[in-house]
1. Name the residue from Ala198, Val180, Tyr221 whose Cα lies farthest towards the positive end of the charge dipole of the range 179-227, charges +1 on Cβ of Lys and Arg and -1 on Cβ of Asp and Glu.
2. Return the sequence-ordered ³J(HN,Hα) values of the range 277-289 in whole Hz as given by the Karplus equation 6.51 cos²θ - 1.76 cosθ + 1.60 applied to θ = phi - 60°, using x for Gly and Pro.
3. Can you compute the helix-only [θ] at 222 nm over the chain? Use -39500 (n - 2.57) per DSSP H run of at least 4 residues, normalise by all residues, nearest 500 deg cm²/dmol.
4. Note down the magnitude of the dipole of the range 13-359 about its Cα centre, charges +1 on Lys and Arg C-beta and -1 on Asp and Glu C-beta and zero elsewhere, to the nearest 20 debye.
5. Please arrange Met195, Met298 by counting, for each residue, the other beta carbons lying within 10 Å of its beta carbon, fewest first.
6. Which residue, chosen from Ser15, Ile51, Ile347, occupies the Cα position most advanced towards the positive end of the dipole of the range 13-359, where the dipole is computed from +1 (Lys, Arg) and -1 (Asp, Glu) charges on Cβ about the Cα centre?
7. In the neighborhood of Phe141, defined by Cβ-to-Cβ distances under 13 Å, what is the net charge if each Lys or Arg adds +1 and each Asp or Glu adds -1?
8. What are the ³J(HN,Hα) values, in whole Hz, obtained from phi via the Karplus relation 6.51 cos²θ - 1.76 cosθ + 1.60 with θ = phi - 60°, for each residue of the range 9-20 in sequence order, with x given for Gly and Pro?
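All of the numbers you see were taken from the coordinates with simple rules; none came from a lab. Source: prediction; values computed, not measured. All Cβ positions, even for glycine, are placed from backbone atoms using ideal geometry, and neighbour counts span all protein chains on display.
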Amino acid sequence: MNEFKTIPKHLMFPSSLLFFVITTLQVGVGITNFPRILFIDTGQDSWISVILAGLLTHITLFIIVRILSRYDQQDLYDIHKILFGKKISVIVNGCIIVYLISSALSILLGYFEIIRAFLFEDAPMWLVITVMITLTIYAVFGGIRVIVGVAFVSFLLTTWLLPVMVQSIEYFDYLHFFPVLEANPKELALGTYHMTFALTGFEILYFFYPYAQDKRKAGIYAQLGALCTNLIYLYVMVLNLGFYSNQQLEKTLWPSLSLFKVIRFPFLEQFEVLIVSLFMLVILPNFTTLFWSASKGMKKLLPVRQKTGIFICAFTIIIAAFFFNTSVQINSYTTWFSKIAFYFIYIYPLFLFLFSIVFEKIRNKKKVTVT
């Protein structure tokens, strides 16, 4: 353990801010289209899949906190080095870095699709990339405390959209929620599986937990953040179910965004255009945390500074993004990545937790034998 550096106090942040970090990271591009995906799987029982996926998230988050609490100031990269050794950990950590960059690419492509659908049909990819990458690099250069601050500000500037959506209740048809429990267990399981991709983001705790000041409360605030996210998704799902007919919800690609088309203010037309523009604030915390976490791994894995790692991340995403020119290609990539994300986020923590327990028992036995 002595080979790992102690985190300076000036780099640490209050554990309570994990609430905002987890919430803002889980609410991303996925919130725009998840109601349609779930409805295709489970129909009017989609809200049940949201609850089940939320419970699964809380259980997984509990396991992640248990893993991290065993190693205090070590992040996932360090834990891999402890458990798997230097050689194997290089491969595993390399895969983690690729995953983080792939996640950022998935978010960027999803947002680009939304811009083309709601703002500019012929919007150039390079413009979207330039804006996002520039803002991200500027924030990440400020360090982890600035990144946490970005998440906090993003939460404050975007949560007002939730009460605004209540206006859609005027067009509700409550018959859309019936009959209840019509979906079979297989359909509910499939809906829960698809819902888990929308809830991704809490895995960033692997890298932020060591920087929390009060480790005892870090897990509580992370769980509260996940609970807030689950309630937001349940709220949005209910609004979509009540507002759209069955045929409309199946055919509307981004139902959560299209919902804003019925919202009117006397001083503003086409409110949904403002929402799409404001959505950049929603995905910016995702980008900053993913860039910081990936570049942190590069610093530990390669003989490079973290700032160099940030530019490597940016260059990789810029090059990769130009290989996706059509919606079909973007959807194929998102589908592929969602499968990888499910195993890394929901399956791998259980394996890592059990492996760490076995590892500690074996190491303790060796210590007893030596003494």
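1. Among Ala198, Val180, Tyr221, the one farthest towards the positive end of the dipole of the range 179-227 is Tyr221.
2. Karplus values, whole Hz, x for Gly and Pro: 5, 5, 5, 4, 5, 6, 8, 4, x, 4, 5, 5, 5.
3. Numbers: 16 runs with 263 residues, N = 371.
After summing the helix terms and dividing by residue count, I get -23500 deg cm²/dmol.
4. Details: 21 positive and 17 negative charges, 313 e Å.
Around 1500 debye, computed over the range 13-359.
5. Numbers: Met195 27, Met298 22.
Ordered from fewest to most neighbouring Cβ atoms within 10 Å, Met195, Met298 come out as Met298, Met195.
6. In the range 13-359, that residue is Ser15.
7. +3
8. Karplus-based 3J(HN,Hα) across the range 9-20 equals 5, 6, 8, 7, 10, x, 4, 4, 6, 4, 4, 6 Hz.
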